[in-house]
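Visitor: Can you keep this structure in mind? I'll have questions shortly.
The values are calculated or read from the model by the stated rules, or taken from the named source; none is laboratory data. Values in this document were obtained by computation on a predicted structure and should not be read as measured data. A quick note on method: Cβ atoms are made from the backbone with ideal geometry, for glycine too, and the neighbour counts reach across all protein chains shown.
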Amino acid sequence: MGISTDSTPRYTYQLPVAAAPSEPPSAAEGAAASLQDALLVGNLLWFVRLRWVAISALTAFGAAGLLVRGAFPPLGLRPPTGWPFLTAALLLLANFGYLGHARWIVRNPQHRGAAWNLWVQIVADLLALTVVVYFLGSLETAAPFMYLAHVVLACIFFPRWQSFVVVVVASGLYAACVIVERLEIVHTPGIYLDPLLRQAMTGHSAFPWVTASSALGIFFVVWFLASHLSSLVRQQERELADANVRLTIAQRDKTRHMLRTTHELKAPFAAIAANAQLLLRGNCGVLPGEAAEVVRRIAARCRRLAIEIQEMLQLANLQSADEQPKPLRLDLAEMVHWAIARVGAAAQARRVTVDADLAPAHVVAVEDHIKMLLTNIIANAVAYSYEGGTVRVRCQVPASDGPVITIEDEGIGIPADKLPRIFDEYYRTEEAVRHNKDSTGLGLAIVRHVAASLEIRVQVESAPNCGTRFTLRFPRAG
């Protein structure tokens, strides 16, 4: 009844690669700050990549003015002179500088210069954009609205007051551009070839100022809307970060309470179990039949609770942020044999054979964690096998990857819709409860935490009444 190549459909579940156990609040806050820095670096690198597009567009526009000058007049446009090349060259040099500084920040994360890098990029871009707007025409074209891209980006990158500074700078540069154009301090005929067109559009004394004022008004309206939405998103991010810190504290307190409670329970249950064994052995006289049966049930219940307490302690220790033991280079085959010996009595009681075929392999990990991982999976394979079945444990070492262990049983299997939940604490399928009433439902939760801390990829293949196969893919030992 094991997993074989028959017509029965097999269901596969890959345990998601999860984060390691919870960090203390101070570490969580530090991680949040590091994440913010990483986001800023990501933003500035994205901004650099976007600028390559602008540089290419300016270069192509300038090249068109040189190579196909005759195509512009039929469109009523004036071929550009050298200003697109000059602007593109300056942006190119600046972009290499931004990129070099960004890489330096990545190599030296203790220096938080990403925000300054973004500020320099935006201000320099606004200056370059002002040149473009001036030569295209600040009043008769829609070029001024290119400022809005940087206004919106500033709202995304920076707090609201800083984005307000950006919109003020953009508005000031555009206003200066209009004034310089109107006073003809630096003469430019604009992009349109017909001089009468500019004269018709800007000839009225009020037109330039109404047009410029309207554009500036639109700048501030867009800033207000974008910054408001960005502020709402940032507020939600802060609330989520605060909630995450509170959850971390609550998880830590819960773990400490679990450790304290389970430690306090160990001694009383050990005493009850010991006294029950004394009674069963007749140390206090021969017990009547019914009394002996009651004491046997007490002893069995104590054994189950002792196992549950032990697993609760293991789970709490894995979830604890306290200092963990130092990882060691371990012989994986030796760990597997230890786990098989650990479940030997249970396997013998169920007449289940555990067959091991193990290639030499090593991992770097905490010894107790590896033992917990293997023992829980092999114990589950034995517990949910049919009597007289076989559990097969294999270890292989692919040439280009770390060790791979497969643990396969011929047991009751797991329905497809329940596979994603088997790693939850205290979860047991109805089929599992009917087959084995003594399980605690904590074993695979322990497996999940160990796999997360050691970056082990866990895959489960199963089908009802066709057994289950666990595949553990370990990282390569250093």
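Visitor: Which condition number in (1) closer than 20 Å to Val168 by Cβ; (2) more than 24 Å from the chain's Cα centre (by Cα); (3) touching a residue at least 60 places away in the same chain (Cβ under 8 Å) is the one that Arg256 fails?
Guide: (1)
Residues checked against (1) among the hydrophobic types (A, V, I, L, M, F, W, C); (2) out of contact with any Phe, Trp or Tyr (no Cβ under 9 Å at 6 or more places or on another chain); (3) under 22 Å from Ala206 (Cβ atoms):
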| site | (1), (2), (3) |
| --- | --- |
| Ser138 | no, no, yes |
| Tyr147 | no, no, no |
| Val166 | yes, no, no |
| Leu183 | yes, yes, yes |
| Leu193 | yes, no, no |
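Visitor: OK, next. Determine, yes or no, whether Val393 is more than 22 Å from Glu308 (Cα to Cα), of a type outside the set (Lys, Arg) and at pLDDT 90 or above.
Guide: When the stated conditions are applied, Val393 passes them.
Visitor: Within the stretch 343-361, can one find any residue that is under 34 Å from the mean Cα position of the chain (by Cα), within 30 Å of Asn465 (Cα to Cα) and either buried (at least 22 other Cβ atoms within 10 Å of the Cβ) or charged (D, E, K, R) (or both)?
Guide: Among the residues of the stretch 343-361, not one is under 34 Å from the mean Cα position of the chain (by Cα), within 30 Å of Asn465 (Cα to Cα) and either buried (at least 22 other Cβ atoms within 10 Å of the Cβ) or charged (D, E, K, R) (or both), which makes the answer no.
Visitor: Got at least one residue in the stretch 355-376 being charged (D, E, K, R), touching a Lys or Arg at 6+ places or on another chain (Cβ under 8 Å) and within 20 Å of Pro16 (Cα to Cα)?
Guide: Checking the stretch 355-376: not a single residue is charged (D, E, K, R), touching a Lys or Arg at 6+ places or on another chain (Cβ under 8 Å) and within 20 Å of Pro16 (Cα to Cα).
Visitor: Also: Considering only residues that are over 38 Å from the mean Cα position of the chain (by Cα) and among the hydrophobic types (A, V, I, L, M, F, W, C), look in the stretch 128-167 and name the one that is surrounded by the fewest Cβ atoms within 10 Å (Cβ to Cβ).
Guide: So, considering only residues that are over 38 Å from the mean Cα position of the chain (by Cα) and among the hydrophobic types (A, V, I, L, M, F, W, C), the one surrounded by the fewest Cβ atoms within 10 Å (Cβ to Cβ) is Ala142.
Visitor: Can Arg392 be described as charged (D, E, K, R) and at positive phi? Reasoning before the result, please.
Guide: Details: charged (D, E, K, R): yes; at positive phi: no.
For Arg392, the condition - charged (D, E, K, R) and at positive phi - is not met.
Visitor: Moving on to the next point. Take the residues in the stretch 230-245 that are over 22 Å from the mean Cα position of the chain (by Cα) and in contact (Cβ under 8 Å) with a residue 12 or more places away in the chain; name whichever of them is surrounded by the most Cβ atoms within 10 Å (Cβ to Cβ).
Guide: Ser230
Visitor: Same structure again: Can you tell me which residue among Val169, Val123, Val152, Val165 is within 20 Å of Leu58 (Cβ to Cβ), at pLDDT 90 or above and in a helix (DSSP H, G or I)?
Guide: Val123
Visitor: A follow-up question, please. Would you mind stating whether His435 is assigned by TED's automatic domain parsing to the domain that holds Thr353, buried (at least 22 other Cβ atoms within 10 Å of the Cβ) and modelled with pLDDT under 90?
Guide: So His435 does not fit the description; no.
Visitor: Which number in (1) out of contact with any Leu (no Cβ under 8 Å at 6 or more places or on another chain); (2) closer than 19 Å to Glu410 by Cα marks the one condition that Leu472 misses?
Guide: (1)
Visitor: From the set of residues in the stretch 61-91 that are outside any helix (DSSP H, G or I) and among the hydrophobic types (A, V, I, L, M, F, W, C), which is farthest from Pro195 (Cα to Cα)?
Guide: The qualifying residue farthest from Pro195 (Cα to Cα) is Val68.
Visitor: Checking the structure you have, find out if any residue of the stretch 135-144 is at pLDDT 90 or above and farther than 20 Å from Gly113 by Cβ.
Guide: Yes, some residue in the stretch 135-144 is at pLDDT 90 or above and farther than 20 Å from Gly113 by Cβ.
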